[in-house]
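Before any comments, here is the structure.
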Amino acid sequence: MNFFSPVRSVLSTIVYPIQTAASFPSDASKWMGEFFHDRKQLKEKNTQLEAINLSNSIRLQTLDDLERENMRLRELLGSSFRLHERVKVAEILAIDLDPFSQQVVIDKGERYGIFVGQPVLDATGVMGQVKQVSQFSSQVVLLTNPSHGIPVQVNRNGLRAVVTGRGLGKPLQLEHLPQNSDIRVGDLLVTSGLGGRFPVGYPVGRVMSVDSSSGQTFSDIKVEPAAKLATSREVLLVIAADSVEEIIRPELAGGDE
Amino acid sequence: MAVNKTAQGGGVIVLSIIVAALLTLIPLPDQVRLFRPEFVGLVLIYWTMATPHHIGISFSWCVGLLMDVMLGGTLGLLAFSYALIVYLVLQFHLQIRQYPMWQQALSVFTLVLLLQLLFVITESHGAGWRFWLPALSSMLIWPVMYTVLRSVRHTFHVR
């Protein structure tokens, strides 16, 4: 049903200059702001980042170890598991689309290997997925788009469900969970990887409220997105590794590197 | 000479539509972005009203198609909406020209409302009452748009 996909791709390449021009003022102001940072601010920021970097690298060391162990155990169990996704970094164009459609445009397109359905993350969680690619740019549907759903599981107990968008300024919704299901306020929801579109284990959001009033078939569960949907400028596009088999074999064979 | 003039007129019109498209895309603070008027629609309405022989239904359809792609909406929805609006203005341009400003603004309000109605019929987003704000802001900004575009038209002798 995608007869018009190529047409749209060509047309978006045509309108890309206008989109870039529209994002110019805010790009320029950002650039000016960076240019005129004073030395002291930069130094402070640098120290801050170094501290964050240090703590992150310490955590990464233990994570590496755990990851190996996890892979070996899964290998023993005979299950395949996607891990070690590679990512590409893209920037969101500073333009306003229709505020009700909950989409953004990023500055990487087909030329960088972006494809339709590719998961988009920011530093804190899942943002959405690529809806349309053209030569130089692509459109991303955010989680809050009313027609978007993402398969998730509760991190605490593995309960699976689907989170859907509810539009501008509204929280996400956890769909079709019966009244007696084990879910609490504050539960972290991560991607379940079912459906094969999103990689496993990335944070989607936290449960804000659970309303199980009698008379309703399902609980009314509101979810706050983990990603900073409104403020992020840089996004990560995930390229899923095919399966653990391809990665784990050379790594196990090569021993520790 | 006459050919040259027409070409220049077309250029000015296309340029004003591009500026309107930029205004549609430029990021605004959250408090005002919901009030963003339908700039491209307004520009199309003005040029159709003032110089009906320059703007055709197919031209506005093409503009709408490009806007659809730019805004990431359903392909063809804005194309159809703009074509419809321009058709209506073409039918009534002689009357609309004679209206006093407030009555013109009311007509603009109706036309933008019609455009938004088409959106509501075809797309399902939980937008609520805030969805209708652009019709209001388009009506309020119409006198400004009219004055600016008329001075542009007189400066560049678009007839």
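The values are calculated or read from the model by the stated rules, or taken from the named source; none is laboratory data. No experiment lies behind these values; they were computed from the predicted model shown. Here the Cβ is made from the backbone with ideal geometry for all residues, glycine too, and neighbour counts use every protein chain on show.
When only residues in the stretch B:64-94 that are under 30 Å from A:Val105 (Cβ atoms) and among the aromatic types (Phe, Trp, Tyr) count, which is surrounded by the most Cβ atoms within 10 Å (Cβ to Cβ)? I'd like the intermediate steps shown before the answer.
We begin by selecting, within the stretch B:64-94, every residue under 30 Å from A:Val105 (Cβ atoms); these are B:64-86.
Those left that are additionally among the aromatic types (Phe, Trp, Tyr): B:80, B:82.
On the way: B:Phe80: 17, B:Tyr82: 27.
Looking at residues that are under 30 Å from A:Val105 (Cβ atoms) and among the aromatic types (Phe, Trp, Tyr), I get B:Tyr82.
Report, by residue number, each residue of the stretch B:59-89 that is of a type outside the set (A, V, I, L, M) and within 20 Å of B:Arg159 (Cα to Cα).
Taking the stretch B:59-89 first, the residues of a type outside the set (A, V, I, L, M) are B:59-62, B:64, B:68, B:72-74, B:76, B:80-82, B:87.
Listed by number, the residues that qualify are B:Phe59, B:Ser60, B:Tyr87.
Within 11 Å of chain A (Cβ to nearest Cβ) and either charged (D, E, K, R) or loosely packed, with under 14 Cβ neighbours inside 10 Å (or both): is that true of B:Arg97 in this structure? Give the derivation first.
On the way: within 11 Å of chain A (Cβ to nearest Cβ): no; either charged (D, E, K, R) or loosely packed, with under 14 Cβ neighbours inside 10 Å (or both): yes.
Here the answer is no, as B:Arg97 does not meet what is asked.
Can we say A:Lys131 is outside any loop (DSSP other than H, G, I, E, B), farther than 24 Å from A:Leu236 by Cα and touching a residue at least 24 places away in the same chain (Cβ under 8 Å)? Walk me through it before giving the result.
Details: outside any loop (DSSP other than H, G, I, E, B): yes; farther than 24 Å from A:Leu236 by Cα: no; touching a residue at least 24 places away in the same chain (Cβ under 8 Å): yes.
For A:Lys131, the condition - outside any loop (DSSP other than H, G, I, E, B), farther than 24 Å from A:Leu236 by Cα and touching a residue at least 24 places away in the same chain (Cβ under 8 Å) - is not met.
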Is it true that some residue in the stretch A:159-178 is in contact (Cβ under 8 Å) with a residue 24 or more places away in the chain, touching a helix residue (DSSP H, G or I) at 6+ places or on another chain (Cβ under 9 Å) and closer than 15 Å to B:Gly72 by Cα? no
Could you go through the stretch A:73-89 and let me know if any residue there is within 14 Å of chain B (Cβ to nearest Cβ), of a type in the set (S, T, N, Q) and touching a residue at least 60 places away in the same chain (Cβ under 8 Å). no
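Looking only at residues that are hydroxyl-bearing (Ser, Thr, Tyr) and in a loop (DSSP other than H, G, I, E, B) in the stretch A:86-128, which one is modelled with the lowest pLDDT? Spell out how you get there, then give the answer.
Step one: list which residues in the stretch A:86-128 are hydroxyl-bearing (Ser, Thr, Tyr), which gives A:101, A:112, A:124.
In the following step, the residues that additionally are in a loop (DSSP other than H, G, I, E, B) were identified as A:101, A:124.
Working: A:Ser101: 81, A:Thr124: 85.
Residue satisfying both the conditions and the ranking: A:Ser101.
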Among (1) more than 13 Å from every other protein chain (Cβ to nearest Cβ); (2) more than 19 Å from B:Val112 (Cβ to Cβ), B:Cys62 falls short only on (1)
Considering residues that are part of a loop (DSSP other than H, G, I, E, B) and closer than 23 Å to A:Leu11 by Cα, the number found within the stretch A:134-144 is 4
Can you tell me how many residues in the stretch A:165-209 are of a type in the set (Gly, Ala, Ser) and within 14 Å of chain B (Cβ to nearest Cβ)? 3
Considering only the stretch B:125-154, state which residues are exposed (fewer than 14 other Cβ atoms within 10 Å of the Cβ) and at pLDDT below 90. B:Gly126, B:Gly128, B:Trp129, B:Arg130
Show the residue pairs that are 6+ apart or on different chains and have beta-carbon atoms under 9 Å apart, the first residue being within the stretch A:16-28 and within 7 Å of chain B (Cβ to nearest Cβ) and over 10 Å from A:Asp107 (Cβ atoms), the second being outside any helix (DSSP H, G or I) and modelled with pLDDT of 90 or more. none
For the stretch A:211-235, which positions are assigned to a strand (DSSP E or B), under 18 Å from A:Gly128 (Cα atoms) and not β-branched (Val, Ile, Thr)? A:Lys222, A:Glu224, A:Pro225, A:Glu234
Taking the condition out of contact with any strand residue (DSSP E or B) (no Cβ under 7 Å at 6 or more places or on another chain) and within 11 Å of chain B (Cβ to nearest Cβ), does A:Leu97 pass? no
